[in-house]
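The values are calculated or read from the model by the stated rules, or taken from the named source; none is laboratory data. A quick note: this is a predicted structure, and the numbers were derived from the prediction, not measured. Cβ sites come from the backbone with ideal geometry, for glycine too, and all protein chains shown count toward neighbours.
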């Protein structure tokens, strides 16, 4: 199987192995950015829709935080690579979930019902909601819609798997 978007696939593998959740939701200003860095389409769209965001790992990735009822906070990560923009958020870390066949079936049904977003299990076992879109076809309205869909989808998945989250081990 040939991977069409090598840098995007590499970014996915990197994020799967090192998924650092940013808790900062402060706006990312130009003065924080290195002078040589070129503004990406994703950053232009983040500014256009006037949402608070912060840098995430590299010059072409950002995090937008949402309040959540099911989990403490939903951090939607936006990564731009070549002509693709990836949106992703974790609904649960691998250590929090003990999936049953019935819950896995519900996650598959969620995938079937969703249009632009998909839920999956990362190589580390976390439950992740994501979407990959061609950057040249995204305008501000669609970009904002994708952020909202990822956040809402993550909330729905967290609610779906919530009853099976493992409880912390009792102190001895």
Run residue 39 past the list (1) surrounded by 22 or more Cβ atoms within 10 Å (Cβ to Cβ); (2) without any contact (Cβ under 8 Å) to a residue 12 or more places away in the chain and report the number of the one that doesn't hold.
(1)
Please return the ranges of strands (runs of 3 or more DSSP E) entirely within region 62-172 where 3 or more residues are touching a helix residue (DSSP H, G or I) at 6+ places or on another chain (Cβ under 8 Å), modelled with pLDDT of 95 or more and surrounded by 17 or more Cβ atoms within 10 Å (Cβ to Cβ).
73-81, 84-92, 127-134
